[in-house]
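Colleague: After the structure tokens below, expect a handful of questions from me.
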Amino acid sequence: MVRLLRAHARTLPARRLSSALLAATLWIAALTLMLGVCLAPHAEAADSPEPSALDKIIERGTLKVGTTGDYKPFSYRTDDDRFIGLDPDMAANLAQTLGVTLELVPTSWPTLMQDFQNHRFDIAMSGISVNLDRQKNAWFSTPYQRDGKTPIARCDDQSNYQTLEQIDQPGVRVIVNPGGTNERFARAHLQEATIVDYDDNVTIFDQIVQGKADLMMTDAIETRLQANLHPELCAIHPDQPFNFSEKAVLLPKDMDLKLFVDQWLRQLSESGTFDEQLKHWLEYDWQRQAD
């Protein structure tokens, strides 16, 4: 550029030469200033990248995990405010692997995503089903359990509720816990049956036993467990659920943290630790705990 200016200057009279050089100098100075302003933030950002969610957890020294405490065998809150179950056990293992302490944060199915977006916890573990609505605002880990919705009803009535067509009839009362995938599945597939909202997911199956509802459609793993806890109830074709779903860890949109959790889950599975923990909580004496 300097050569071009010099060549151009030779063809100009002295007065015009002075004006041209002054204009060129000012133009170059302005261009330099503009480039400096534009590049400075990028250079600064490159020098100090935003720490990942994984880095923040390790630096803080605490892993905050949201859990509902109302979904056996995944998460249950005892009378003395302890969280027990498969997911609190897994959360403790994850915190130990990260070298940090664990803090379990109570949440609920209706408020799960709002609590997550308000940063009340880093991740959530509570037998959470993967669905696309949740994935609009979060990521999920590699699934750790495959499942699907299926009915549970009084054993005397189980032949009446084998299909969605049989269930979706006037007079049939289907109980749901608001805010979760059970309610969403029922409302998506039932037009004639009566949907009964019941807020307490811990005692919801007692409502069926007492005849206040006819059935509930929930994850097959839960129907098996609740049928063991309530001899009056039977899980209806849990090996052939109505749909397909998976359970996973709810994560922020942070690749470093997702890669770490996915690899941790893989090691937990390959070592046999996950199967041992799941078996323990499926066979756990929940009735003794309730007493």
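Colleague: From the backbone phi of the stretch 241-257, what are the Karplus-calculated ³J(HN,Hα) couplings (6.51 cos²θ - 1.76 cosθ + 1.60, θ = phi - 60°) in whole Hz, Gly and Pro given as x?
Modeller: Per-residue couplings from phi come out as x, 5, 9, 10, 8, 9, 10, 7, 7, 7, 10, x, 7, 9, 5, 4, 5 Hz.
Colleague: GluC sites (Glu not before Pro), restricted to the stretch 148-200: which are DSSP loop and have at most 16 other Cβ atoms within 10 Å?
Modeller: Within the stretch 148-200, the qualifying GluC sites (Glu not before Pro) (loop, at most 16 other Cβ atoms within 10 Å) are E192.
Colleague: Calculate the all-directions average of the projected area of the stretch 149-235's alpha-carbon convex hull, and give it in nm².
Modeller: Taking the Cα atoms of the stretch 149-235, their convex hull projects to 4.8 nm² on average.
Colleague: Now for a separate question. Residue-wise, which Karplus ³J(HN,Hα) couplings in Hz belong to the stretch 131-137, taking 6.51 cos²θ - 1.76 cosθ + 1.60, θ = phi - 60°, and x for glycine or proline?
Modeller: Listing the rounded values in order: 9, 6, 4, 5, 6, 5, 10 Hz.
Colleague: If you plug each phi of the stretch 275-287 into the Karplus form 6.51 cos²θ - 1.76 cosθ + 1.60 with θ = phi - 60°, what whole-Hz ³J(HN,Hα) values come out, in order, with x for Gly and Pro?
Modeller: Residue by residue, the stretch 275-287 yields 4, 5, 5, 4, 4, 4, 7, 6, 9, 5, 7, 5, 5 Hz.
Colleague: Roughly how many nanometres apart are two label points built 7 Å out from the Cα toward the Cβ at T78 and D256?
Modeller: Reported label-point gap for T78 and D256 is 3.6 nm.
Colleague: If you don't mind, there's one more thing I want to ask. So how far, in whole Å, is the C-alpha centre of the stretch 146-218 from the one of the stretch 73-138?
Modeller: Between the Cα centres of the stretch 146-218 and the stretch 73-138 lies a distance of 25 Å.
Colleague: Using a probe radius of 1.4 Å on heavy atoms only, what accessible surface per residue do you get for the stretch 149-235? Whole Å² is fine.
Modeller: 42
Colleague: Ignoring any ligand, DNA or RNA, what whole percent of the accessible area of the stretch 149-235 comes from carbon and sulfur when the probe is 1.4 angstrom?
Modeller: 45
Colleague: Next up: If you take every residue apart from H119 with its C-beta less than 11 Å away from the C-beta of H119, what net charge results, scoring Lys and Arg +1 and Asp and Glu -1?
Modeller: Overall, the nearby charge balance is +1.
Colleague: Next question. Check which residues have an amide H placed less than 5 Å from F74's amide H, if you skip close sequence neighbours.
Modeller: Residues meeting the amide H criterion: L86.
Colleague: Let me ask something else about it. Using 1/(1 + (r/R0)^6) with R0 = 25 angstrom and r between the beta carbons of L132 and E270, what's the FRET efficiency to the nearest 0.05?
Modeller: It comes out at approximately 0.30.
Colleague: Sticking with this one: What are the trypsin sites (Lys or Arg not before Pro) within the stretch 187-247 that DSSP puts in a loop, where the Cβ has at most 14 other Cβ atoms within 10 Å?
Modeller: Here the sparse-neighbourhood loop sites are K212.
Colleague: Then there's this: Restricting to DSSP loop positions (anything but H, G, I, E, B) with no more than 10 other Cβ atoms inside 10 Å of their own Cβ, which chymotrypsin sites (Phe, Trp or Tyr not before Pro) remain in the stretch 145-246?
Modeller: Passing sites in the stretch 145-246 are F244.
Colleague: Sequence-distant or interchain residues sharing an amide H contact under 5 Å with A248, placed H: which?
Modeller: I128, V130, Y144
Colleague: With a point put 7 Å past each Cα toward its Cβ, work out how far R120 is from V209 in nm, to one decimal.
Modeller: In this crude label model, R120 to V209 measures out at 2.9 nm.
Colleague: So what's the net charge close to F244: Lys and Arg +1, Asp and Glu -1, counting the other residues with Cβ under 14 Å from its Cβ?
Modeller: Summing Lys and Arg as +1 and Asp and Glu as -1 gives -1.
Colleague: Counting only the heavy atoms of the protein chains, how much of V105 is accessible to a 1.4 Å probe, in Å² to the nearest 10?
Modeller: Here the accessible area works out near 10 Å².
Colleague: List the residues, sorted by chain then number, that are 5 or more residues from L233 or on another chain and whose placed amide H is less than 5 Å from its amide H.
Modeller: Counting only residues 5 or more places away or on other chains, the set is C155.
Colleague: Just to be sure I understand: of the beta bridges DSSP finds with both ends in the stretch 149-235, what percent are antiparallel, rounded to 5?
Modeller: 60
The values are calculated or read from the model by the stated rules, or taken from the named source; none is laboratory data. The structure presented is a predicted model; accordingly, all values stated were derived computationally and were not measured. Neighbour counts run over all protein chains shown; Cβ positions are idealised from the backbone, glycine included. For accessibility, only protein heavy atoms count, side chains too; no ligands or nucleic acids. Shrake-Rupley method; radii C 1.70, N 1.55, O 1.52, S 1.80 Å.
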